[in-house]
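J.: A single structure is presented below for examination.
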Amino acid sequence: MKTISAEHAETRTYATAPRSKTTTKQDYGTPWDFIRAVESRFGPVIHDLACTRENAKAVSGYYFDEGIDALQRDWLTEFPTGNLWLNPPFAEIAPWAAMCSMTAERCGYTFLLTPASIGSEWFAASVHNRAQVFGLRPRITFDGTSDPYPKDLMLSVFGFSLRGFDTWRWKR
């Protein structure tokens, strides 16, 4: 895997922080079978925006790990094309959703995997009517766990003027 140099980036740990309301583990990796389903439907992921070296999912090998604050980077300039993957820390989704919303007009999709929190302020402000939202079936079992995540998840797809809501049986 290749990493983007943190030399010019402000450093703020984000793969495991900030932890505003919980102290649970925040860096579970997305399972490869789900990534393959996303890529089969939308095309390859060129960059993982929030991961560790161990759980990076971009097939190109490019990613932002804990040493790079992806929220301080300019996604429009750095990634004008190609698909971006984001499984952010679930304790603080709002700034990640806002960033996805601001970069929705780039030439590529930005995928945001989150709990299906459609009553939240971050959803209303940054996702609703700004992305195609897929309620996911079946539930996802994250890397490093043996049971599916106990809550419903959604994949918000920003880009190419997609809007709406649907469900997706990503695995048969």
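The values are calculated or read from the model by the stated rules, or taken from the named source; none is laboratory data. Being a predicted model, the structure only gives us computed values, none of them experimental. Because the Cβ atoms are built from the backbone with ideal geometry, glycine has one as well, and the counts that use them run over all protein chains shown.
J.: Grab the strands (runs of 3 or more DSSP E) fully contained in region 82-165, keeping just those with 2 or more residues being touching a strand residue (DSSP E or B) at 6+ places or on another chain (Cβ under 9 Å) and surrounded by fewer than 19 Cβ atoms within 10 Å (Cβ to Cβ).
T.: On the way: elements: 83-86, 110-115, 132-137, 153-158.
By residue number, 132-137.
J.: Let me ask you something else. Restricting the search to region 37-59, which residues are over 12 Å from THR110 (Cα atoms) and hydrophobic (A, V, I, L, M, F, W, C)?
T.: ALA37, ALA50, CYS51, ALA56, ALA58, VAL59
J.: Still on this model: Report, by residue number, each residue of region 1-52 that is modelled with pLDDT under 70 and among the aliphatic types (A, V, I, L, M).
T.: Result: MET1, ILE4, ALA6, ALA9, ALA15, ALA17.
J.: For region 42-81, name all the residues that are outside any loop (DSSP other than H, G, I, E, B), more than 24 Å from VAL133 (Cβ to Cβ) and of a type in the set (D, E, K, R). Explain how you work it out, then say what you get.
T.: To start, the set of residues in region 42-81 that are outside any loop (DSSP other than H, G, I, E, B) comprises 42, 45-48, 62-63, 70-72, 75-78, 81.
Those still in the list that are more than 24 Å from VAL133 (Cβ to Cβ) too: 62-63, 72, 77-78.
Hit for region 42-81 is GLU78, nothing else.
J.: What number of residues in region 52-73 are surrounded by fewer than 24 Cβ atoms within 10 Å (Cβ to Cβ) and under 21 Å from TRP122 (Cβ atoms)?
T.: Adding up the residues that qualify gives 4.
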